[in-house]
Each structure stands twice: as C-alpha cells, then as structure tokens.
Amino acid sequence: MKILIVNTYDIKGGAARAAYRLHKALLAQNIDSQMLVQNKSSDDFTVLTTSSTKVQKNLNKLRPFIDNIPVKLYKERTKTLFSSAWLGFSDIVDLINEIDPDIVHLNWINEGMVKIEDLKCIKVPIVWSLHDMWPFTGGCHYDEGCGGYEKECGNCKVLGSNKNNDLSRKIFNRKQKTFSQIDNMTIVGLSKWLHTYAQRSSLLKDKRHVNLPNPIDTNIFNPFNKVKARELWNLPKDKKLVLFGAMGATSDPRKGFKELSQALNQLTFKDIEFVVFGSSQPQKASDFGFKTHYLGNLHDDVSLVTLYSAVDLMVVPSLQENLSNAILESLACATPVVSFDIGGNSDMVVHQQTGYLVKPFETDDLACGIEWVLNASNYSELCQNAREKVLKEFDSSLVAKKYIKLYQEILND
C-alpha cells in the first residue's frame with residue numbers, strides 16, 4: 001500500500017506537524033508512505049517537495065502572497081485566515097499522478113499550493129483530513145460562527161462583505177462544481193466537532209465521513225522530571241506555573257489571549273508565574289500582578305516536552321479550535337489543561353478529570369478553572385488521567401492502525 005500525504009509544509013505549523021506525525025506513524029507500521037509539500041524545512045528524505053529547483057523554490061515563496069491578492073481587496077475583513085486557492089501552474093497534481101500512490105491523503109493545502117479545480121484531476125482515491133473549516137467553506141478557515149457553509153456562502157462575515165455574490169460565494173461555487181466531479185473522496189474529521197460540521201455542510205454532506213484523530217508519539221511526548229525541566233528553562237521551583245502558547249499566541253484573536261488576560265486579572269491566587277511560548281515579549285506587556293516569562297517560538301519536540309513538564313497547568317483559551325496539538329502534547333506530558341468547552345477540546349479534556357472545561361468565553365469561569373486545577377487535592381490524579389487519556393486514544397501506533405484500516409476499506413470498495 002502506497003500512501004502520499006500532501007500538505008503545504010512538512011513541519012512548520014500545527015497542521016504540518018500533525019500530518020508529519022501521521023506520516024512517521026505509518027512508516028513505523030511498515031506502510032510505504034511519502035509526504036509531498038510545497039515548502040520543506042526538514043532534511044527527511046521521505047518528504048518530497050514541489051521545489052526541485054532554486055527558481056521553483058523562490059516562486060513557491062511568492063505563491064502565498066499572489067494567492068492572497070483577491071482577499072486583499074476586502075478592506076473590512078477580520079484577522080481570520082481566508083484562502084482563495086485560485087493560483088494554478090503549480091504542477092502539483094501532475095507530480096501526484098507521477099508518484100502514482102494508491103491513496104492521496106490531503107491535509108492543509110493552502111497558501112497557493114493547489115488550485116481548487118485541479119483536485120478533480122487526481123487519478124486515485126482521496127482522503128482529506130480537516131485541520132480547519134476551509135475545505136467546506138467559501139474561503140474562511142474558521143467561520144466565526146457565521147454558519148453560511150450549511151447552505152451557500154456570501155455576505156461573508158470574515159471578509160466584512162455585505163454582498164451576496166462576493167469572493168466567498170465565487171469560491172463556494174468553484175468548490176461545489178469541483179467536488180461534484182470527485183467520486184472517491186473520504187473526509188476525515190479530526191475532532192467530533194469538525195466531523196459533525198463537515199457532515200452537515202452543503203459542500204461535503206454527500207461524501208463519506210469518518211472521525212479519526214491526529215496521532216502523537218507518546219514515547220517522545222512523555223513526562224520529564226519537573227525539577228530538571230525548570231532548571232533547563234530557568235524557571236522558579238517554588239511557584240505554580242501557568243503555561244499558554246500557540247503560533248501567534250498573543251497576536252491572533254482566535255487564540256484567546258484577550259480572554260485569558262481578563263481571567264488572569266481575576267485570579268485571587270497570586271503565588272504563580274505565567275509562561276508564554278509562541279510570542280516574544282511585546283513592547284507594552286500586560287501586568288497581571290505576577291511575573292511573566294516570554295519564551296518566543298519553539299521549534300523542536302524536546303523543548304516542548306521539557307516546557308510542558310516544567311509547568312503545573314496549560315491553558316488553551318482558543319475561541320474556535322479543532323483538535324489542538326497543544327492540548328494533546330500537554331496531556332501526553334501529564335500536564336492538565338484548562339480550555340473553553342468548544343470545538344474539539346472535549347475530545348481530549350475531560351472535565352475535572354484531565355483538566356477543566358470552561359463555559360464558553362466566560363472569563364470568570366476561566367479564572368475559576370485555573371485556580372481549581374492549581375489547588376486540586378487530587379492534582380497528581382489529574383496528571384495521571386491526562387497521560388492515560390492520550391495513551392488509550394491518541395497514541396501514534398494505535399491511531400496509525402485505524403488509518404491503515406480506513407485505507408484498506410477504501411481500496412477494497
């Protein structure tokens with residue numbers, strides 16, 4: 001069985017890291033897996049790239065900017081990512097067909113990697129893992145609660161548009177026409193939440209749907225000695241440490257830093273320090289009444305493992321979230337998580353068992369959740385439960401076997 005996993009990046013960003021983990025998990029199960037990307041950062045020989053020449057590499061760096069030109073025309077758009085996927089001439093589908101896999105497993109394919117219409121030219125069955133809502137919307141990666149994807153897009157909230165026939169309607173129609181010409185496409189909802197939304201979407205409701213999570217290697221992501229971890233990060237040993245982190249941690253409104261800041265200001269328990277990764281210290285840093293450590297961007301699993309192990313609690317206050325890598329990684333390192341009860345968070349966070357599920361967007365309950373975990377009399381049990389949850393449901397060998405079974409079912413149909 002030959003599987004080709006397709007993603008814009010190999011190890012840059014959450015979707016890329018999830019796709020790459022699946023690729024490695026399949027290889028560990030002796031599956032002939034390769035990964036095809038537009039922009040390659042690793043030196044892994046099993047990862048192929050569309051940038052075979054220096055000219056192509058430079059062109060691929062420009063593709064995200066060119067593909068984003070139509071979006072730039074909407075001056076009232078929000079900060080939520082929006083992709084139009086109109087830019088062709090990537091030869092990506094020709095390369096896929098030349099590799100000739102048994103199954104093409106699409107993941108996050110934006111930033112000009114694939115033109116929507118080119119997908120119908122793939123000659124083998126397609127599996128598509130949903131890392132966000134983009135595959136079934138008119139271009140937004142998260143709909144900000146709009147719900148237009150259930151019928152047809154237009155008057156796009158993310159674009160700040162009040163016109164029916166706007167860019168989102170045009171992209172929606174392009175997808176509708178293209179998807180109707182693809183017979184063998186299976187949609188993988190990585191979380192129960194996105195699985196449900198995709199099933200009721202106008203664009204994908206007629207496709208086959210399954211719910212399978214991302215895998216995580218629990219031999220890499222496992223608890224590290226807390227005292228040694230704090231020494232490595234030069235963090236205090238006599239304080240409770242609260243961690244927050246994501247790509248664009250403090251700049252992306254969807255990541256919930258504003259809501260977390262309000263909750264931190266409401267804490268009555270002040271014998272803590274706050275740790276942030278994914279963001280450097282801003283020029284005007286917030287004063288929460290306790291010290292904040294800004295660690296910048298982290299680029300390797302060892303750093304993440306030691307950091308998750310160093311802290312007492314991870315907070316993931318995202319306003320919309322699919323299947324968060326940060327939650328999965330933290331729990332695997334036996335660190336409880338506090339998050340809003342939205343999206344796919346409840347797939348991983350079991351209320352008052354592996355962490356605390358907060359009433360959506362209520363900052364006083366977010367503060368309550370943080371203090372509940374930090375002061376829990378059964379804190380060590382929460383940590384143990386967190387690790388066991390991941391071992392039972394998300395371990396890479398377990399999840400890889402489920403994907404292999406899905407591939408076999410598709411090929412046998």
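Annotations
- Net dipole in debye of the chain [+1 Lys, Arg Cβ; -1 Asp, Glu Cβ; about Cα centre; nearest 20]: 800
- 11 Å beta-carbon shell around residue 3, net charge (K/R +1, D/E -1): -1
- Sequence-distant contacts, meaning Cα pairs under 8 Å at least 6 residues apart, place the relative contact order of region 226-393 at 22 percent.
- Between 0 and 90°, nearest 10: helix 363-374 axis offset from the chain longest Cα axis: 60
- Projected label points at residue 75 and residue 151, each 7 Å from Cα along the beta carbon direction, are separated by 3.0 nanometres.
- Counted by neighbouring Cβ atoms within 10 Å, the residues 333, 153 run from fewest to most as 333, 153.
- Among 287, 94, a tally of other beta-carbon atoms within 10 Å of each Cβ gives an order, fewest to most, of 287, 94.
- The relative contact order of the chain comes to 13 percent, based on Cα pairs under 8 Å that sit 6 or more residues apart.
- Angle between the chain longest axis and helix 301-310 axis [Cα atoms, degrees, rounded to 10]: 30
- Cα centroid separation - region 104-177 against region 280-313, whole Å: 34
- Label positions at residue 91 and residue 286, each projected 7 Å from the Cα along the C-beta direction, are separated by 4.8 nm.
- Extension gain, residue 353 to residue 100: 0.36 nm times the residue separation minus the Cα-Cα distance gives 86.5 nm.
- Overall form of region 226-393 per C-alpha gyration tensor (a/c, 1.5; a/b vs b/c): rounded
- The ranking of 209, 141, 131 from fewest to most other beta carbons within 10 Å of each one's beta carbon is 209, 141, 131.
- Expressed as a fraction of 2.2 N^0.38 Å, the value expected for a compact globular protein of N residues, the C-alpha radius of gyration of the chain is 0.98.
- Across 237/270; 205/402; 12/40; 115/175; 61/177; 12/57, pairs whose alpha-carbon gap is larger than 19 Å: 205/402; 61/177
- Fully extending the segment from residue 294 to residue 163 would add 42.9 nm, taking 0.36 nm per residue of separation and subtracting the current Cα-Cα distance.
- In summary, the aspartates and glutamates within cross-link reach of residue 2, defined as a Cα separation below 12 angstrom excluding same-chain residues under 8 places away, comprise 32, 100, 102.
Quick note: the coordinates plus some simple rules give every number you see, no bench work behind them. Quick caveat: nothing in here was measured; it's all calculated off a predicted structure. No Cβ is skipped: glycine too gets one built from the backbone with ideal geometry, and neighbour counts run over all protein chains shown.
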